[in-house]
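*Asks:* Once you've had a glance at the structure underneath, I'll fire off some questions.
The values are calculated or read from the model by the stated rules, or taken from the named source; none is laboratory data. Keep in mind it's a predicted model, so treat the numbers as computed, not measured. Reconstructed Cβ throughout: ideal geometry from the backbone, glycine too, with neighbour counts over all protein chains shown.
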Amino acid sequence: QMWQAGKRQASRAFSLYANIDILRPYFDVEPVQVRARLLESMIPVKMINFPQKIAGELYGPLMLVFTLVAILLHGMKTSDTIIREGTLMGTAIGTCFGYWLGVSSFMYFLAYLCNAQITMVQMLSLLGYGLFGHCITLFVTYNIHFHSLFYIFWLVVGGLSTLRMVAVLVSRTVGHTQRLILCGTLAALHMLFLLYLHFAYHKVVEGILDTLEGPNMPPFQRVARDIPVISNAVLNTTAKTIALTL
Amino acid sequence: FPGLADVSIPQDIPVEGEITVPVGSHSPDEDYSTLDEPVKDTIMRDLKAVGKKFVHVMYPRKSSALLRDWDLWGPLVLCVSLALMLQGGSADSKDDGGPQFAEVFVIIWFGAVVITLNSKLLGGTISFFQSLCVLGYCVMPLTVAMLVCRLVLLAGAGTVSFIVRLIVVGAMFAWSTLASTAFLADSQPPNRKALVVYPIFLFYFVISWMILTFTPQ
């Protein structure tokens, strides 16, 4: 009886390890390569007549998704977001992973329809590296609360990474309609996600919810309340002085 | 084996002998069975092992004792105590904005599993449970930081207390990361250490963030 149980467990463990080995070639990277790819993800390529090579690697994208989760948690905490159903961490993880996996699958499906030459791993990798722009933008704008700064970052940083992804996709698709469909959806989803991340977790959501509950709730506030006033004021004045001197 | 096809044993030589090989006492378990010893001995042995590992975490030297005999008692105790101490922090008393008990638990274990898988996929030589063991034990400085934060918050929740908490949590976070790196980075090929250290850094950063933003009601 115990032998049976032991054998079953051993075979289950073995199948788990066998599954890990499937993913092993996608993690075969060097730190130099990861850094190079991170920087490359912000540079749009010029050559769109020649199919661009996409590295099918999962380490970078996975780390970027986790970094985005951490930054999102930081943002949610400083903006005092109250999640009614569910937990803060669960929401952050769900949002980021949902975006990465869901939009990748959707784009892969669209690419299949539009006859683009891209595999699922490459799509995951491309979108994952595109999140690098999101990470930078959110990291900066969750700490310095200027809306105009966010819009500038959204356009410049978000735009650069979108342009890169779009250029790579365009280089791998033939036909104008297909290119338009594919790149239009990707650009829209990517930029809208950044917008969503900023606005959904930046302002205090409880103000909206609490006005439904009682009349003597505090009014809708737009400033961070959780971190003390000092660090907020320091960062804001630093940004102001930098903007003035430029 | 074609050469052995014509070997035949003559009928008059007896073919017999002992089929069992006498086993000397190679392992100490052969001398005594741990089932018969008093319960106190078993518990004390395990407690001593756990205690030795805590000491190893406090002074991270490159010793293999932490890696060789892994156990998950220490990480469990640390995880439960950290999750318990993070209770009771809420901005709204109806449904709290602080992490739930299960949330902290899941974050720590899920994060540790992900880091372990990552280090294995990058070609690490450490086994799954050894890595879990190390990561769990290195949560200890952060648990100490949580304790200190709670004590500081008993005194008051102003700017000074925030700065004190920031310094304490920051120092403990650095200590955790260095301790776990000292144990785990050795098992990686030398040029990939940074790839393994980064997720560990993120993991302890998230835990430190949960500790730092804890405000009791």
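*Asks:* Could you please find all residues in segment B:99-144 being more than 9 Å from every other protein chain (Cβ to nearest Cβ) and among the β-branched types (Val, Ile, Thr)?
*Replies:* B:Ile108, B:Val113, B:Ile115, B:Thr116, B:Thr125, B:Ile126, B:Val134, B:Val139, B:Thr143, B:Val144, listed by residue number.
*Asks:* Could we say that A:Leu101 is at pLDDT 90 or above, assigned to a helix (DSSP H, G or I) and more than 16 Å from A:Leu38 (Cβ to Cβ) here?
*Replies:* Details: at pLDDT 90 or above: yes; assigned to a helix (DSSP H, G or I): yes; more than 16 Å from A:Leu38 (Cβ to Cβ): yes.
So A:Leu101 fits the description; yes.
*Asks:* Identify, please: which residue in segment B:157-174 is touching a residue at least 12 places away in the same chain (Cβ under 8 Å) and either within 14 Å of another protein chain (Cβ to nearest Cβ) or not in a helix (DSSP H, G or I) (or both) and is, among those, surrounded by the most Cβ atoms within 10 Å (Cβ to Cβ)?
*Replies:* The selected residue is B:Val169.
*Asks:* While we're on this one: If you go through segment B:175-212, how many residues are more than 10 Å from chain A (Cβ to nearest Cβ) and over 17 Å from the mean Cα position of the chain (by Cα)?
*Replies:* Number satisfying all stated conditions: 4.
*Asks:* Here is a follow-up. So which residues in segment B:126-168 are of a type in the set (S, T, N, Q) and over 24 Å from B:Val55 (Cα atoms), if there are any at all? Break it down into steps so the answer makes sense when it comes.
*Replies:* Quick first cut of segment B:126-168, residues of a type in the set (S, T, N, Q) only: B:127, B:130-131, B:143, B:159, B:161.
Scanning segment B:126-168 gives B:Thr159, B:Ser161.
*Asks:* Hey, can you tell me all the residues within segment A:23-52 that are part of a helix (DSSP H, G or I), free of Cβ contacts under 8 Å to residues at least 60 places away in the same chain and either farther than 20 Å from A:Ser171 by Cα or among the β-branched types (Val, Ile, Thr) (or both)? Walk me through it before giving the result.
*Replies:* Filtering segment A:23-52 down to residues part of a helix (DSSP H, G or I) leaves A:23-27, A:31-40.
Then drop every residue that is not free of Cβ contacts under 8 Å to residues at least 60 places away in the same chain, which leaves A:23-25, A:27, A:31-36, A:39.
Selection gives A:Leu23, A:Arg24, A:Pro25, A:Phe27, A:Pro31, A:Val32, A:Gln33, A:Val34, A:Arg35, A:Ala36.
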